[in-house]
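A quick write-up on the structure given underneath.
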Amino acid sequence: LPSPIPQSLTQPVTPDLLVSPSSQDGDLGSECPEDRGNWTGRLDFLLSCIGYCVGLGNVWRFPYRAYTNGGGAFLVPYFIMLAICGIPIFFMELSLGQFSSLGPLAVWKISPLFKGVGMGTILIVSLVAIYYNMIIAYVLFYLFASLTSDLPWQHCGNWWNTELCLDHHVIKAGNSSLPVNISNTVSPSEEYWSRYVLHIQGSSGIGDPGRIRWNLCLCLLLSWTIVYLCILKGVKSSGKVVYFTATFPYLILVMLLIRGVTLEGAWKGIQFYLTPQFDHLLSSKVWIEAALQIFYSLGVGFGGLLTFASYNTFHQNIYRDTFIVTLGNAITSILAGFAIFSVLGYMSQELGVPVNQVAKAGPGLAFVVYPQAMTMLPLSPFWSFLFFFMLLTLGLDSQFAFMETIVTAVTDEFPYYLRPKKASFSAIICIALFLMGLILTTEGGMYWLVLLDDYSAGFGLMVVVITTCLVVTRVYGMKRFCRDIHMMLGFKPGPYFRACWMVLSPATMMALLVYNIVKYQPSEYGNYCFPTWAEVLGILMGVLSCLMIPVGMVAAVLQEEGTLWERVQQASRPAMDWGPSLEENRTGVYVASLAGSQSPKPLMVHMRKYGGITSYENTAMQVDREMEEEDEEESM
């Protein structure tokens, strides 16, 4: 009997030319790590970016910053700073992520010498994720406390109240013609926050955290559980959750805005918020505050934008998305100011005090002033629930981004081991960060939260962004970067973007950094000043993320060969496999530089797949021609 024909010979054979590593069949497919995945819907990416950028800061930082820095006049430096260092850096980060389809660590194949920048980013994001989820835990606590017919912070006379507690309902019921001195009194909402929720009287300071508050601990556990369930399947699950968490806050914000504007005395607050004081514009502080607000509000430098863009298809129009998200974020901040200050105006009229005595920023606004204002409204538990539900949805999608950044960064470094086990790996990270955050649930936890808030993403984050900007434009090269964007979007960035990337954005960031160092003020919480060791610990947090950069440089140089200068030069060049992740998108210098690549021209793969040449192939061919001309010019 003739021996049977081997099965492999009966299979149709695809010529090597047409095999791309992105195809899952053939021997090459088995060598590839598990697929990273992409966004599943058209709006997933856009809504995730909006949800990430529009966070708690839009509600509790922007309105207060605007009112203390010249009211309506603050919008001038705000929009100028948005144009100089907001939009360009936002677009740069999205371009890097989408072009390479890599997370914030692996993206440094662009220049392995600077991989430490990615390590610094991950350190900053991890610290921020720890305390940001604690704020979400406080919001959950208040959300549950609002599920009553009578809000618990409405009256004095509870076990946590002191003799200083003064109930505004009592003032109204009494003879209103007699002025009441409220300077030495405390509102019931303030005592509820500090003496009941935080139980801060049980701690003498940051060095004496006291006991764990179990109700806060359970809220923190719940918030980590919610976050884990939403990022369980990576962007496939979080990309669906944001359809709710990114849009619902707008609905509530509009409801709160309509309710606020119809209150008596609302215009007093709005006038206070928007009256322009143009003399403020001559002060450098106002410009710095505007730049800081843009910087933190858009979330540049945290790696979240880069991570989200890395799950896009290669030709997604991120240019359009950049303007939608950045301008939408600015408009949301201004809208939130109306919602907040209309209520503060009403409150100041009820209490008979000027608006500036009730206006606060940060947790003081969210957990003391606004809840107190809610008690003055009819149906107060309903409005309170809505307000805290809005804060919950605002906080959650920013937290998804922080977690997705950490998980993506590490799984992209070890795709073979971690990508198939992404859910378990996410669980380990959530548990680890929950355990680290337990100190924030103690009686002195607020001191630790303030310390983390002040230092974790301060000057360290600015150093990361400045370095990224300089590496992309100076080391990698502006010409190359613009060519990559041309290949991806079909057009080159205009002179506005190039000028910002080369000079304006890094210069503004440098000014911010110098200002932060020169005007350094020790942290404080209320009347409590932090001890020196706590200050040093905080500064170390910032320095540690900066130190990652030289550590990464040393590691990169040691892996190369030759003299020191040769090693530095080799380490600063892009890695061999830098470029688009799918072979059909690799044209020009990126052809056949992927491991296992057999294809002389990925264009052939494309033509076989789609038939004919698309506009993007035209662009690719044009880019190839331009590069050949450039090479000829250089050789001449």
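The values are calculated or read from the model by the stated rules, or taken from the named source; none is laboratory data. Please read all numbers here as calculations on a predicted model, not as lab measurements. Please note: Cβ atoms are built from the backbone with ideal geometry, for glycine as well, and neighbour counts cover all protein chains shown. Only protein heavy atoms, including side chains, enter the accessible area calculation; ligands, DNA and RNA are left aside. Shrake-Rupley method; radii C 1.70, N 1.55, O 1.52, S 1.80 Å.
Here the spin labels are modelled as points 7 Å beyond Cα on the Cα-Cβ line, and at ARG573 and SER424 they lie 4.0 nm apart.
Working note: Karplus 6.51/-1.76/1.60 with θ = phi - 60° gives region 433-441 the couplings 5, 4, 5, 5, x, 4, 5, 6, 8 Hz, where Gly and Pro are set to x. Along region 400-417 the Karplus relation, 6.51 cos²θ - 1.76 cosθ + 1.60 evaluated at θ = phi - 60°, assigns HN-Hα couplings of 4, 5, 4, 5, 4, 4, 5, 5, 4, 4, 6, 5, 6, 6, 10, x, 5, 8 Hz to successive residues, with x for each Gly and Pro.
Arranged from highest to lowest average of other beta-carbon atoms within 10 Å per residue, in what order do the peptides 424-432, 290-298 appear? Could the numbers behind the result be given before it?
On the way: 424-432: 15.2, 290-298: 23.3.
With the highest mean Cβ count within 10 Å placed first, the list reads 290-298, 424-432.
With +1 on the Cβ of every Lys and Arg and -1 on the Cβ of every Asp and Glu, and nothing else charged, how large is the dipole of the chain about its Cα centre, in debye rounded to the nearest 20? It would help to have the intermediate numbers written out before the result.
Numbers: 35 positive and 45 negative charges, 194 e Å.
So the magnitude is around 940 debye.
Expressed as a whole percentage, what fraction of the accessible surface of the chain belongs to carbon and sulfur atoms when a 1.4 Å probe is rolled over the protein heavy atoms? The C+S portion of the solvent-accessible surface of the chain is 64 percent. Region 97-173 and region 381-395 have Cα centres separated by 14 Å. Among LYS115/LYS285; LYS109/LYS285; LYS109/LYS421, which pairs are too far apart, with a Cα-Cα distance over 31 Å? Over 31 Å apart, Cα to Cα: LYS115/LYS285; LYS109/LYS285. Between ASP279 and GLN357, the C-beta separation translates, for a Förster distance of 30 Å, into a calculated FRET efficiency of about 0.85.
Stretching MET436 away from MET478 to a fully extended chain increases their span by 11.0 nm, per 0.36 nm per residue minus the current alpha-carbon distance. Calculate for the chain the 222 nm mean residue ellipticity that helices alone would give, adding -39,500 (n - 2.57) per DSSP H run of length 4 or more and normalising by residue count, nearest 500 deg cm²/dmol. The helix-only estimate for the chain comes to -19000 deg cm²/dmol at 222 nm.
Here, region 254-328 yields an orientationally averaged convex hull projection of 8.0 nm² when only Cα atoms define the hull. When the Cα positions of PHE388, PHE434, MET255 are compared along the charge dipole of the chain, MET255 comes out farthest toward the positive end, with charges on each C-beta of Lys, Arg, Asp and Glu. All Cα-Cα separations within region 485-536 were binned at 10 Å from zero, giving a P(r) of 19, 25, 20, 16, 14, 5, each value a whole percent of the pairs.
Our coupling estimate for region 141-152, obtained by passing each phi through the Karplus curve with A = 6.51, B = -1.76, C = 1.60 and θ = phi - 60°, is 4, 5, 4, 5, 5, 7, 7, 9, 7, 10, 5, x Hz, Gly and Pro reported as x.
Compute the orientation-averaged projected area for region 457-605 from the convex hull of its Cα atoms and round it to one decimal in nm². Result: a mean projected hull area of 13.4 nm². Amide H to amide H, with H built 1.01 Å from N, CYS165 comes under 5 Å of VAL186, counting only residues 5 or more places away or on other chains. Spin-label model, LEU540/TRP267: points 7 Å from Cα along the beta carbon direction are separated by 5.7 nm.
Per residue, the chain exposes an accessible area of 43 Å² to a 1.4 Å probe, with every protein chain left in place. Relative to the dominant Cα principal axis of the chain, helix 459-470 is inclined by about 30°.
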